[in-house]
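Novice: I'd like to ask you about the structure that follows.
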Amino acid sequence: MTSDDVPIGRRVARWRVRRQMTQQMLADRLRRSKSWVDKVERGVRTLDRYSVIQELAHVLRVDPEVLLGQQRSTPAGTPDGVDDIRAALARYDTPQAPAHATEELRRQVGYAWLTYQHAHYAQLVRVLPDLLDAAQGAQSAELLVQAYRITSSVLVKLGEADLGWLAADRAMAVAGDDRVLAATAAVSVGQTLRAAGRDRLALAATLTAANRITPTAQRLAGEWAVGGTLLLQAALAAAGCGDTRRAEELTDRAAGIAAGLREYDDPHRTSFGPIAVDLARVVVAVLRGDAAEAVQRHVTVIRREAWRRLPAEYRGAYLVDAARAYLQVGDLRGAARALVDADSVAPAEVRCRPLARTVIAEVARGHPAPAGVARLATLVGLTR
């Protein structure tokens, strides 16, 4: 039986199980009965309304086309070059680089981080294959871990979570017994597992890493920031599992670390601090379905000066999550405003990411579509 031959109810059941949800949990998030979910999954009740399929897809965090068994189209604007990154990750015969090349490699890694933080993903995809070759040939675990982390992060953005997990796992292997390097690599592991819908595994990986680094970390802000970032990743994973209490506890732990930090140069590229904790609280509220609280917190947090100091990538990604919160409360104009703001801050976050494309499609189906979203829909290749 091909994917297209699988009944839609069975696809719903498969994705529900992948998301670690019971029928009752899915029913609660849909505001329907457990009996309704059971009948859908058994094929007794026909899903013949696209709006209902969209609602299911939103809760299960997949594109509606996945539930319909249709081939997902590649979003317009997605950068070419992922195959070249895959090939670079598959090479095991990279020659050893001369010792004097380390400083040049460090410069290239720094440039790649800046490119990522400015959300210039197309440019980054072009340079990553050569960067990976250089890093794999160098004798610097630190720089190789960073190269793998950058690679993993951009692959997650482009909807390539499985390949991103490979890069993150490579980073963990290279880090070895280095406590701080392993912790930074675990951040990427958590991000990729969450992107792949493996929230429970992400929770275990990030919480284990956080518990290893936070009790023994030296009083270096960068190390504490890595521990705090791991706790936020764990909180988001817990929320994705439906464990609201655990998510709140972990976020509070991260807030305690953030409160003790002062200004620092962020050597591990975490962007962690009080503002990151506040943004995470918004996303946790979105994940647990409390959109009203999410919107209320969002309106407050983006007025802060610290918000404007975050990297463009961070702000753009967050604003897409904020748009999801507005959608949950039925505020299409608010969702549109968040998407337009995200596009102005970090265009690639909106135009290259499959997740953003799904949100744009939902907002664009409003009648009439809110100002600005029709233009975005055209830019990413959507038709109403």
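The values are calculated or read from the model by the stated rules, or taken from the named source; none is laboratory data. It should be emphasised that the depicted structure is a prediction, and the values quoted were computed from it without experimental measurement. FYI the Cβ positions are ideal-geometry reconstructions off the backbone, even for glycines, and counts take in every protein chain you see. For accessibility, only protein heavy atoms count, side chains too; no ligands or nucleic acids. Shrake-Rupley method; radii C 1.70, N 1.55, O 1.52, S 1.80 Å.
Novice: Taking the chain as a Gaussian network, Cα atoms linked when under 10 Å apart, which of ILE85, ILE257, ILE302 shows the biggest mean-square fluctuation?
Specialist: ILE302
Novice: Any chance you could run the full-extension gain for THR378 through ARG86? It's 0.36 nm times the residue separation minus the Cα-Cα distance, nm to one decimal.
Specialist: 102.2 nm
Novice: Ok, one more. Taking a probe of 1.4 angstrom, what is the accessible area of THR208 in Å², to the nearest 10?
Specialist: Rounded to the nearest 10, that gives 70 Å².
Novice: Going from most exposed to least, what order do LEU68, LEU319 have by accessible area with a 1.4 Å probe?
Specialist: My answer, sorted largest first, is LEU68, LEU319.
Novice: OK, next. Once the Cα gyration tensor of the chain is found, what semi-axes does its equivalent ellipsoid get, as square roots of 5 times the eigenvalues, in whole Å, sorted largest first?
Specialist: 34, 24, 21
Novice: A further question on this structure: For a label point 7 Å from the Cα of ALA141 along Cα→C-beta, name the residues of the range 170-204 whose backbone N is under 15 Å from it.
Specialist: Within reach of a label on ALA141: 170-186.
Novice: When ranked by the protection proxy of mean other Cβ atoms within 10 Å per residue, highest first, what sequence do the peptides 272-278, 126-132 form?
Specialist: 272-278, 126-132
Novice: Stretched out fully, how many nm does the piece from GLU305 to ARG333 gain, at 0.36 nm a residue minus the Cα gap?
Specialist: 7.6 nm
Novice: Compute the acute angle (0 to 90°) between the alpha-carbon long axis of helix 121-137 and the principal axis of greatest extent of the alpha-carbon atoms of the chain; round to the nearest 10°.
Specialist: 40
Novice: Roughly to the nearest percent, how much of the accessible area of the chain is carbon and sulfur, given a 1.4 Å probe?
Specialist: Values: 8810 of 17710 Å².
The computed percentage sits at 50.
Novice: Tell me the accessible surface of TYR116 in square angstrom (1.4 angstrom probe, heavy atoms of protein chains only), to the nearest ten.
Specialist: Near enough 20 Å² of accessible area.
Novice: Given a Förster distance of 30 Å, report the FRET efficiency between ARG245 and SER51 from their Cβ-Cβ distance, rounded to the nearest 0.05.
Specialist: 0.40
Novice: As a check on your grasp of the helix formula, calculate [θ] at 222 nm for the chain: sum -39500 (n - 2.57) over DSSP H runs of n ≥ 4, divide by the residue count, round to the nearest 500.
Specialist: Computed mean residue ellipticity for the chain: -22000 deg cm²/dmol.
Novice: At 0.36 nm per residue, minus the direct Cα-Cα distance, what do ALA204 and VAL44 gain on full extension? Give it in nm, one decimal, please. Mind dumping the intermediate values first?
Specialist: Details: separation 160, 0.36 × 160 = 57.60 nm, distance 3.69 nm.
Net length gain for the segment: 53.9 nm.
Novice: HIS268: accessible area at probe 1.4 Å, nearest 10 Å²?
Specialist: Here the residue's solvent-accessible area equals roughly 50 Å².
Novice: Residues of the chain: accessible area per residue at 1.4 Å, in Å²?
Specialist: Counting only protein heavy atoms, the per-residue value for the chain is 46 Å².
Novice: Let me ask something else. Given the range 84-223 reduced to its alpha-carbon atoms as identical point scatterers, what log10 I(q)/I(0) does the Debye formula return at q = 0.16, 0.20 Å⁻¹?
Specialist: After summing over all Cα pairs, the log10 values are -0.83, -1.23.
Novice: Can you grab the distance from the C-alpha centre of the range 120-153 to the C-alpha centre of the range 2-41, Å, no decimals?
Specialist: One Cα centre to the other: 39 Å.
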